[in-house]
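What follows is a single structure, written as structure tokens, with notes after it.
The values are calculated or read from the model by the stated rules, or taken from the named source; none is laboratory data. Bear in mind the structure is a predicted one, so any value in this text is a computation, not a measurement. No Cβ is skipped: glycine too gets one built from the backbone with ideal geometry, and neighbour counts run over all protein chains shown.
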Amino acid sequence: MSRNSRNEQGSWRRGQTIAVRFLAALAGLAWVGLRVKPAPFPAVGQYPVPEETLPMPAGLPAPVERFYRVTYGELVPVINTAVITGRGTMRLFGLTFPTRFRFTHDARRGYRHYFELTFFGLPVMRANEYYVDGKERMELPTGVQENNPKLDQGGNLGMWAEILRWLPAALLTSPRVRWEPVDADTALLVVPFGAEEERFVVRFDPISGEVSCWEVMRYKNGTGEKTLWVNGAWFDEGSPWAVFDSEEVAYNVDVDTSMEAKGPETAPKKIPTVGM
């Protein structure tokens, strides 16, 4: 082999080594960046509103009544709005991003979700999701999705699943929501969807009395056939695409769930009054 050929081969190998090291460094940087938690959103705080309560309704299935007594005691609070704030993770494009979120509920009527996916704690993707007047709208980095009855069905079930998790008292003050008995540790949660009804199968822990599992058939991404949705995870995926850990839940605060609302704000900004 000539000296020139050996030099060319050596240069190629050195270049290959540099490229491999560079890619490894990029992969390491990405690994670190995707493990840095973002700062939480500013706290909403609890407004000093009168706390209204109702007696426990009669006729609830046994595991449901046990669950409510464990959660609230003898009196059930009247919850009209809720703002759930926290952090977690979301899987997108095969990568799991740290996430901070704010879910704003006008209980039983609609919600707005705001997410920020972050890298090294800084937002790299933002999304607003709405379920208002029975219609779902998703404003995503990849575009807007709306005017889809299957998407509406998913938004409706998402709303009721979040109410069950974070403000279950609101299920007892809606005339179109009811619980049906199944067995000692299981009940059906029947919720409205327009003129129709949907049914969650809800299982309760026989020791603690808390909800241990729920499942329902939901359209996935507004397409195809209904897929079993269990505790917020798609049955055919094996693991949840998103994990949300609440860090603050504020009840009966001013909220704005309209399509015009954006970002993490919970209510319209108040314009200060200027004295004349």
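Are any residues in segment 144-163 surrounded by fewer than 18 Cβ atoms within 10 Å (Cβ to Cβ) and not charged (D, E, K, R), and if so, which ones?
Those that are surrounded by fewer than 18 Cβ atoms within 10 Å (Cβ to Cβ) and not charged (D, E, K, R): Val144, Gln145, Asn147, Pro149.
Residues being touching a helix residue (DSSP H, G or I) at 6+ places or on another chain (Cβ under 8 Å) and either closer than 21 Å to Gly59 by Cβ or among the hydrophobic types (A, V, I, L, M, F, W, C) (or both): count how many of those fall in segment 211-228.
Matching residues across segment 211-228 total 3.
Would you please name the residue that is modelled with the highest pLDDT, looking only at residues in segment 61-106 that are surrounded by 18 or more Cβ atoms within 10 Å (Cβ to Cβ) and part of a loop (DSSP other than H, G, I, E, B)?
Checked segment 61-106; the qualifying residue modelled with the highest pLDDT is Pro61.
How many residues are closer than 25 Å to Pro42 by Cα, outside any strand (DSSP E or B) and out of contact with any Pro (no Cβ under 7 Å at 6 or more places or on another chain) if we restrict to segment 111-150?
2
Using beta carbons and a limit of 8 Å, which pairs, at least six apart or on different chains, have the first residue in segment 53-80 and more than 21 Å from Glu162 (Cβ to Cβ) and free of Cβ contacts under 8 Å to residues at least 24 places away in the same chain and the second one of a type in the set (S, T, N, Q) and surrounded by fewer than 18 Cβ atoms within 10 Å (Cβ to Cβ)?
Matching pairs, first to second residue: Leu75/Thr53.
Any chance segment 107-116 includes a residue that's over 15 Å from the mean Cα position of the chain (by Cα), surrounded by fewer than 17 Cβ atoms within 10 Å (Cβ to Cβ) and of a type outside the set (A, V, I, L, M)?
So far as segment 107-116 goes, yes, one or more of its residues are over 15 Å from the mean Cα position of the chain (by Cα), surrounded by fewer than 17 Cβ atoms within 10 Å (Cβ to Cβ) and of a type outside the set (A, V, I, L, M).
So how many residues does segment 259-268 have that are surrounded by fewer than 14 Cβ atoms within 10 Å (Cβ to Cβ) and touching a residue at least 40 places away in the same chain (Cβ under 8 Å)?
Step one: filter segment 259-268 for residues surrounded by fewer than 14 Cβ atoms within 10 Å (Cβ to Cβ), giving 260, 262-263, 268.
Checking the rest, the ones that are also touching a residue at least 40 places away in the same chain (Cβ under 8 Å) come to 262-263.
Final tally of qualifying residues: 2.
List the strands (runs of 3 or more DSSP E) that sit entirely inside segment 151-210 and contain at least 1 residues that are of a type in the set (Asp, Glu), over 19 Å from Asn80 (Cα atoms) and within 20 Å of the chain's Cα centre (by Cα). Before you say what the answer is, go through the steps one by one.
Numbers: elements: 178-183, 186-193, 196-204.
Here the list reads 196-204.
Might you let me know whether segment 194-208 holds any residue that is crowded, with 17+ Cβ neighbours inside 10 Å, modelled with pLDDT under 95 and out of contact with any Cys (no Cβ under 7 Å at 6 or more places or on another chain)?
no
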